[in-house]
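Below: one structure, written as structure tokens.
The values are calculated or read from the model by the stated rules, or taken from the named source; none is laboratory data. Here the structure is a predicted model, which means the values were calculated and not measured. Note: ideal-geometry Cβ built from the backbone for every residue, glycine included; neighbour counts use all protein chains shown.
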Amino acid sequence: MSTIQIPNPHIASLKIDHYYHLGFNSGMDLPKMFGDVKLVIFGGANDRMKKIAQLFAAAFYPEVDPNTIEPIGETSRFHMFKVGNVITCSHQMGQPSFSILLHEITKMLAVAKAVDPVYIRLGTSGGIDVEPGTVVVASKGFNNLLGTSHQFIAAGKIVERPSQFSPEVYEPLYKISQELGFKSALGGTMCCDDFYEGQSRLDGAICDYSEEDKMEFLKRAHEAGVVNIEMESCYFGAFCHHLNIKAATMCVTLVRRLDGDQVVGNTHAWVDRPIAVALKYAEGLLGLKRHDDFKPAEEH
Ligand code: R2B
Ligand code: URA
């Protein structure tokens, strides 16, 4: 058991560290506010993170009325909710946005002395060769050159960090997903910095490659071990691995990219699946009795 260790030596010289985008700072009584956090659930959208907070309240914290749950802190960028030992927080779209959230929330939880918090991203994705509605649990993140590292530029130099998730989190998630009867896969999740050209779609406003180029790349990605494609996992895996934070990404697929690019129809039933898996996983992690009977919406 340990708290998060922040390796940045410069933080110690700050009298107060302001977590600007979250609206909290290190001068607040963070141990009282966040010292009990055991699980942090991330996902793109504000309303989904509110719904997940409400579902966690109904499942594990019957003393909390789900209708009273509101975002805490600054809400212009991210929506953060705290229910019992759980934080849910939206990260919006893409690695740059998520990176800001990860730096600030992690420093905050370190000061709060939260013990071994587990980070899980629940999201959506495009599957390469799996049926829409498949729950994909990531073992590692791929960049869009098909390497398993995240590359970025810091102080004018390229930095590269391996992107890996934690077997002690992704293995149980995959097992639970199968036990709940969802089409499930465990493997690589590729991350791109945009939804259209970056993911080799043919339906963006600009497309300078051919359909053959797209198909060749998707097949090559599949052969390299990529199961699905989204926009956050590579950074997430690299950040958490670097700081020794237990983490996993679990994304449902909304489209089979070998068949097409457009995301159409009612995807709500699918989006509930990773949530159902996370709730079940949390039973063990939190060690709390379940009070709900949450079932994902039926497929139409
Ligand atoms: C999945 O869905 C979003 C794009 O529609 C993006 O945040 C992602 O990773
Ligand atoms: N999110 C993505 O980033 N890509 C998809 O294809 C679907 C959802």
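Things to note:
- On the stretch given as segment 276-300, residues that are aromatic (Phe, Trp, Tyr) and either assigned to a strand (DSSP E or B) or surrounded by 16 or more Cβ atoms within 10 Å (Cβ to Cβ) (or both) total 1.
- Number of residues in segment 138-163 that are under 20 Å from the mean Cα position of the chain (by Cα) and part of a strand (DSSP E or B) equals 11.
- Being away from ligand 1 (no atom under 16 Å from the Cβ) and under 28 Å from residue 190 (Cα atoms) is a property that residue 50 has.
- Selection over segment 241-256 of residues that are more than 24 Å from residue 181 (Cβ to Cβ) and within 16 Å of ligand 1 (Cβ to nearest atom) gives a count of 1.
- Just so you know, in segment 259-275 the residues that are over 15 Å from the mean Cα position of the chain (by Cα) and away from ligand 2 (no atom under 13 Å from the Cβ) include one that is surrounded by the most Cβ atoms within 10 Å (Cβ to Cβ), and it is 269.
- Among residues of segment 172-216, those that are part of a strand (DSSP E or B) and within 16 Å of ligand 1 (Cβ to nearest atom), counted: 4
- Residue list for segment 107-126, restricted to those being closer than 20 Å to residue 170 by Cα, away from ligand 2 (no atom under 16 Å from the Cβ) and under 18 Å from the mean Cα position of the chain (by Cα): 116, 117, 118, 119, 120
- When residue 175 is tested against (1) within 16 Å of residue 192 (Cα to Cα); (2) free of Cβ contacts under 8 Å to residues at least 12 places away in the same chain, only condition (1) is not met.
- Taken together, the criteria place residue 252 among residues that are touching a helix residue (DSSP H, G or I) at 6+ places or on another chain (Cβ under 7 Å) and modelled with pLDDT of 95 or more.
- Residues being in contact (Cβ under 8 Å) with a residue 24 or more places away in the chain and part of a helix (DSSP H, G or I) - total across segment 62-95: 1
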